[in-house]
Amino acid sequence: MSAEYNPAEIEARWQKRWEEQRLFEADANPAKRKYYVLEMWPYPSGDIHMGHVRNYTIGDALARYQRMGGYNVLHPIGWDAFGLPAENAAIKHQRHPSEFTFSSIGRMKGQLKRLGISYDWRREIATCVPEYYRWNQWFFLRMFERGLAYRKKSRVNWCPVCETVLANEQVVEGCCWRHEGTPVEERELEQWFLKITAYAQRLLDDMKTLDLWPPRVLTMQENWIGKSEGTEVDFEVKGTGDRIRVFTTRVDTIYGCAAILLAPDHPLVEKLMARSDAAVALREAAGRIKASAVRARLDVNLEKQGAFTGFTAQNPYSGEIVPVWLANFVVTGYGTGAVMAVPAHDQRDLEFCTAFGLPVPRVIVPHDGEPQPITTEAFVEYGRLIDSGPYSGLASEEAIDRMTRDAEAKGFGKASVQFRIRDWGISRQRYWGTPIPVVYCEKCGIVPIPDSELPVVLPASARFTGQGASPLAEVSDFVSTRCPRCHGPARRETDTMDTFVDSSWYFYRYTDPETTGGPLDPSAVKYWFPVDQYIGGIEHAILHLIYMRFFTKVMQDLGLVDFPEPVARLFTQGMVIKDGAKMSKSKGNVVDPNAMCDRYGADTVRLYMLFAAPPERDLEWTDAGIEGAFRFLNRIYRLVMEHAENLRDSPTTSGKGRWRLANLTSPERQLLRKTHQALRHITDDMKVRWHFNTDIALCMDWANFLASLEGEIQTGRVRKEVLRDSVETLVLMLSIFTPHIADELWEALGNSGSTLSVPWPVWDAELAAEEELEIPVQIDGKVRARIRVAAGVDEEEIRRRAMEDQKVLHYLDGRRVDKVIVVPRKLISIVTQGQG
């Protein structure tokens with residue numbers, strides 16, 4: 001072995017040995033405790049980036065720790081391989097998406113292996129192969145049979161750059177989630193939907209079981225699902241016989257209604273236009289308002305646009321006549337597409353009514369104190385009703401209940417529950433995705449493809465122009481087919497599925513990627529599930545993480561699984577940033593993992609990813625930081641190798657309690673204390689909450705201390721067997737972070753095999769305990785002295801030592817002591833007469 005640290009040589013050698021020994025493979029074994037650790041899989045777009053490295057390094061540290069802890073660990077990886085980037089590359093370079101995708105997979109797979117991530121590559125899957133996406137089609141057919149997959153004409157979000165439909169969750173601040181500067185348009189298209197709204201209540205209810213998920217993620221999901229309990233109320237449009245139904249959670253404010261606001265595409269708008277004396281002007285206004293509706297519903301600060309329809313409606317409670325307006329922030333898909341504007345008690349309504357000169361009647365006042373004038377800020381709290389007819393004087397809560405019951409009794413309203421979440425639009429007008437398994441027959445209508453004809457395979461002959469409809473629509477051999485029912489001519493669906501369908505169930509397929517009898521092997525799923533730890537970005541909170549929960553509930557209803565939630569514990573790591581911004585080619589701040597591995601080695605990159613910041617926070621990349629990580633590994637390598645030859649033949653001891661304090665010299669006690677304190681900290685961290693940066697700092701502190709003991713080692717005051725025990729424990733601790741150098745040093749110390757096959761060491765409480773404690777002594781609130789006492793001494797002895805201390809006696813200066821308070825291990829507080 002070289003005396004100099006050579007990461008390229010060491011890492012290549014150990015990766016080859018790990019693969020030959022099949023160290024990372026795991027199979028279901030009911031006799032062993034299982035642990036399923038999973039990181040969100042990558043899209044194969046060309047190369048891994050530092051965000052990937054951080055995610056996978058965190059997961060690998062956990063997987064290695066659990067393996068050493070005796071668990072049968074499933075740690076798989078695959079490729080979220082369908083999607084727009086591959087198709088866009090095909091358009092740009094005239095390469096088939098599959099060529100681009102598999103080329104990227106080959107590169108990225110090599111990069112992940114180079115990092116030493118402990119994946120079981122036998123379980124590798126890619127969503128773009130028919131053996132996988134046939135089961136997307138199978139799930140679609142099962143949902144179609146149950147009415148959970150349906151087709152309708154719908155207003156959809158359209159990205160003009162992607163030239164495809166986006167789900168609501170894929171629209172971020174009015175723009176495409178992939179093209180942050182591209183405003184989303186609205187179009188009306190025939191689309192396929194999955195009825196996620198049928199599971200809205202279950203998605204909410206089962207959050208109670210997700211106590212190991214970040215509260216922030218649960219809050220984001222709860223807000224996105226958006227359950228609202230309220231009242232539906234009918235306003236009669238004067239002179240037409242039509243009714244406008246509104247939904248409100250604050251029916252107690254209805255006497256303050258200043259107007260009825262309709263979404264520009266509300267079904268009633270066309271009727272009003274037909275009856276209007278100013279139909280042309282109204283139609284122009286509706287078109288203008290509709291154009292800004294997408295952005296308005298996502299950006300509360302966007303300018304409020306509106307237009308008076310020329311019609312009025314009657315408030316069924318007060319009898320008052322109010323105008324009917326169109327407004328750009330009212331959405332057809334949420335509630336009823338109509339709202340009552342109560343400007344005094346809703347901020348958005350106040351801004352709208354102020355802009356258009358509508359009245360602002362106040363009908364709720366605080367229970368206590370004087371009401372403030374309503375000018376720029378609405379009063380949105382519950383309070384006491386005023387100017388509300390027979391309900392005046394009631395508290396808001398009581399009024400809501402009574403007014404809802406009265407609406408039901410009089411036939412103009414009812415209690416109602418609404419959800420913000422919309423059904424999941426899965427149609428995409430692109431090629432590189434799962435074909436939707438239906439045909440259109442003039443005689444039979446929409447006909448699902450039989451299971452026996454799955455998969456519907458993507459044709460290889462599509463042309464990619466980036467213009468117009470899906471490339472599939474231009475492949476006549478694909479489009480023209482026979483109806484499975486009547487065997488007459490039929491036309492295939494040419495839309496493909498949203499790629500989030502692929503990632504909604506992939507983690508089940510890992511448990512047996514070769515099974516052909518269904519999407520999963522029930523016995524394998526029964527052993528491995530739930531996923532014990534899932535790791536990924538917060539940006540997926542209302543996309544992938546809701547969709548996967550929905551899929552699992554559907555699978556439960558299909559009898560495929562017997563549990564409602566797939567993931568027990570979720571961790572969302574921070575981003576890797578540079579120069580204060582997210583890494584991107586456009587900003588010129590990208591750090592290439594390949595270049596870093598070439599220069600410093602994979603272990604240095606891994607170490608830096610774990611050390612530079614707590615894993616839940618963003619990591620600011622610095623060149624000085626990775627240089628420091630490299631220097632530390634060089635130092636560890638030299639320290640161990642300097643002693644390795646002498647330690648190889650020394651006796652080894654193992655097991656908790658192998659050392660007794662009485663038999664150790666002072667430097668031996670100090671060395672073992674450092675070792676077991678670090679071991680205790682890392683062991684506790686891996687079980688509960690990860691502080692990798694602190695863990696690694698303790699290993700660095702150990703290295704510094706070992707270097708300071710060189711004289712003691714040379715004189716024999718630190719025996720070889722004690723030194724070997726400490727060094728080996730340190731190497732095992734480092735192995736979960738930097739496995740290549742750890743295995744190299746483990747072997748240098750005279751051991752065989754990989755550290756991954758060694759049980760995780762057990763920390764010793766006696767060795768980890770401090771021998772002495774330094775405790776500050778306060779007199780009347782000010783620290784006046786510090787005393788040193790043996791760890792474990794009782795409180796009476798601590799009081800006695802404090803009262804005998806010379807500095808304490810000096811500051812007391814004969815004053816009478818009222819009480820002495822001992823805060824164990826932390827503080828002694830002396831209170832003198834008259835100061836307590």
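The values are calculated or read from the model by the stated rules, or taken from the named source; none is laboratory data. On a predicted model such as this, the values are computed, not experimentally measured, just so you know. Positions of Cβ are generated from backbone atoms using ideal geometry, with glycine treated the same way; all protein chains shown enter the neighbour counts. Ligands, DNA and RNA are excluded from the accessible area calculation, which covers all protein heavy atoms including side chains. Shrake-Rupley method; radii C 1.70, N 1.55, O 1.52, S 1.80 Å.
Things to note:
- Taking every DSSP helix (H) stretch of at least 4 residues in the chain, weighting each as -39,500 (n - 2.57) and dividing the sum by the residue count yields a mean residue ellipticity at 222 nm of -11500 deg cm²/dmol.
- Accessible surface of the chain, 1.4 Å probe, proportion on carbon and sulfur as whole %: 49 percent
- Solvent-accessible surface of protein heavy atoms, probed at 1.4 angstrom with all chains present, puts SER503, SER752 in the order SER752, SER503, largest first.
- In this structure HIS179 has an accessible area near 50 Å², from a 1.4 Å probe over the protein heavy atoms.
- When the Cα gyration tensor is reduced to axis lengths a ≥ b ≥ c, the ratio a/c is 1.5 or higher for region 63-165, and with a/b not above b/c it is classed as oblate.
- Accessible surface for SER103 stands near 50 Å², nearest 10, in the context of the full protein assembly shown (1.4 Å probe).
- Loop-located chymotrypsin sites (Phe, Trp or Tyr not before Pro) in region 610-688, at most 10 other Cβ atoms within 10 Å (DSSP): none
- When ASP562, ASP120 are compared by accessible area of protein heavy atoms, the largest-first order is ASP562, ASP120, using a 1.4 Å probe.
- Counted charge near ALA568, where neighbours are those whose Cβ lies closer than 11 Å (Asp, Glu -1; Lys, Arg +1): -2
- Sequence of SER586, SER523, SER666, SER104 from largest to smallest accessible area, 1.4 Å probe: SER586, SER523, SER666, SER104
- Extents of region 445-564, largest first, come to 48, 34, 26 Å (Cα atoms, principal axes, whole angstrom).
- Cα point-scatterer Debye curve for region 275-406, base-10 log of I(q)/I(0) at q = 0.17, 0.20 Å⁻¹: -1.04, -1.29
- Size descriptors for region 683-748 (Cα atoms only): Rg and Dmax, in that order, 13.4, 41 Å.
- Rounded to whole Hz, the Karplus (6.51, -1.76, 1.60) HN-Hα couplings of region 794-808, x for glycine and proline: 7, 5, 4, 5, 4, 4, 4, 5, 5, 6, 9, 5, 5, 5, 5
- In angstrom, the C-alpha Rg and Dmax of region 1-64 are 15.6, 45.
- If the segment from ALA355 to ASN29 were pulled out straight at 0.36 nm per residue, it would be longer than the present Cα-Cα gap by 110.5 nm.
- Under the combined filter of DSSP loop state and at most 13 neighbouring Cβ atoms within 10 Å, region 752-835 retains these trypsin sites (Lys or Arg not before Pro): ARG816, ARG825, LYS826.
- Between amide H atoms placed 1.01 Å from N, distances below 5 Å from ILE787 occur with ILE775, VAL777, all of them 5 or more places distant or on a separate chain.
- In terms of its C-alpha gyration tensor, region 341-424 has an oblate overall shape, because the principal axis ratio a/c (a ≥ b ≥ c, square roots of the eigenvalues) is not below 1.5 and a/b does not outweigh b/c.
- Counting only protein heavy atoms and using a 1.4 Å probe, the accessible area of GLU770 comes to about 80 Å².
- Size descriptor, Kirkwood hydrodynamic radius, that averages inverse alpha-carbon separations across region 414-487, Å: 15.0 Å
- Net charge over other residues, Cβ less than 13 angstrom from the Cβ of ALA307 (K, R count +1; D, E count -1): +3
- Sparse packing (at most 14 other Cβ atoms within 10 Å of the Cβ) combined with a DSSP loop state is found for the following trypsin sites (Lys or Arg not before Pro) in region 429-538: LYS443, ARG463.
- Here region 60-134 and region 668-741 have alpha carbon centers that stand 35 Å from each other.
- Amide H contacts of PHE311 (H built 1.01 Å from N, under 5 Å, at least 5 apart or other chain): VAL324
- Of all lysines in the structure, those lying under 22 Å Cα to Cα from LYS410, and not within fewer than 8 positions of it along the same chain, are LYS238.
- Binning the C-alpha pair distances of region 606-693 at 10 Å intervals from 0 yields a P(r) profile of 13, 30, 35, 18, 4 %, listed from the shortest bin outward.
- Part-to-part distance (alpha-carbon centres) for region 1-59 and region 549-595, which is given in Å: 18 Å
- Working note: Karplus 6.51/-1.76/1.60 with θ = phi - 60° gives region 770-785 the couplings 5, 6, 10, 10, 9, 10, x, 10, 9, 10, 6, x, 10, 6, 10, 7 Hz, where Gly and Pro are set to x.
- Less than 5 angstrom separates the built amide H of GLN191 from those of LYS152, LYS153, SER154, all sequence-distant by 5 or more or on a different chain.
- Residue by residue, region 757-765 carries 3J(HN,Hα) couplings of 8, 9, x, 4, x, 9, 6, 10, 4 Hz when phi is fed to the Karplus relation 6.51 cos²θ - 1.76 cosθ + 1.60 (θ = phi - 60°); x denotes Gly or Pro.
- The chain: radius of gyration over Cα atoms, expressed as a fraction of 2.2 N^0.38 Å: 1.20
- The residues packed around ALA341, meaning those with a beta-carbon under 11 Å from its beta-carbon, carry a net charge of -1 if Lys and Arg are +1 and Asp and Glu are -1.
- Shape analysis of region 119-235 places it in the rounded category; the axes a ≥ b ≥ c from the Cα gyration tensor give an a/c below 1.5.
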